[in-house]
Amino acid sequence: MILQELAQALETLNIPVTYSHFNDPQTPPFICYLVTGSDNFNADNTTYQEFTNVDIELYTKKKDITLENQLKQLLKDNELPFDYSSVFINEEKIYKITYEVTL
């Protein structure tokens, strides 16, 4: 899967999706995704396989287990193993759940 295909898959959740950040304020729920680096397979001064690390950030006003499970299932259906973490951003009164995947 490439980054564009990931974006298209995320859009099937029917909430706003963008790379990195929105230019205008959004009302949750919404998703921002961004490349955070690479985890390439290198040997003998050659990169044999490139892997792209991507964070998918789901923002919600309240804990939304249904939406979280839909996103998890989307990742599973697309054979994208993931780890996730959750935090409440008190200043903005918003939940951020970050899913880490590798493409």
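The values are calculated or read from the model by the stated rules, or taken from the named source; none is laboratory data. Quick caveat: nothing in here was measured; it's all calculated off a predicted structure. So basically every Cβ, Gly included, is an ideal-geometry build from the backbone, and we count neighbours across all protein chains shown.
Taking the conditions (1) surrounded by 14 or more Cβ atoms within 10 Å (Cβ to Cβ); (2) part of a strand (DSSP E or B) in turn, D83 satisfies each one other than (1).
Residues checked against (1) closer than 19 Å to P81 by Cα; (2) at pLDDT 95 or above; (3) more than 15 Å from the chain's Cα centre (by Cα):
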{"residue": "I2", "(1), (2), (3)": "yes, no, no"}
{"residue": "Y19", "(1), (2), (3)": "no, yes, no"}
{"residue": "A43", "(1), (2), (3)": "no, no, yes"}
{"residue": "E68", "(1), (2), (3)": "yes, yes, no"}
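When segment 1-21 is filtered for residues that are in a loop (DSSP other than H, G, I, E, B) and in contact with a Phe, Trp or Tyr (Cβ under 7 Å, 6 or more places away or on another chain), the ones remaining, listed by number, are I15, P16. Among the residues of segment 70-103, those that are of a type in the set (F, W, Y) and under 15 Å from the mean Cα position of the chain (by Cα) comprise F82, Y84, Y95, Y99.
Within segment 28-56, restricting attention to residues that are touching a residue at least 12 places away in the same chain (Cβ under 8 Å) and not in a strand (DSSP E or B), the residue that is nearest to L74 (Cα to Cα) is P29. Out of segment 1-18, which residues are surrounded by 15 or more Cβ atoms within 10 Å (Cβ to Cβ), within 21 Å of I65 (Cβ to Cβ) and touching a residue at least 24 places away in the same chain (Cβ under 8 Å)? A9, L10, L13, I15 - these are the residues of segment 1-18 that are surrounded by 15 or more Cβ atoms within 10 Å (Cβ to Cβ), within 21 Å of I65 (Cβ to Cβ) and touching a residue at least 24 places away in the same chain (Cβ under 8 Å). Scanning segment 57-80 for residues that are part of a strand (DSSP E or B) and of a type in the set (A, V, I, L, M) turns up just one, L58.
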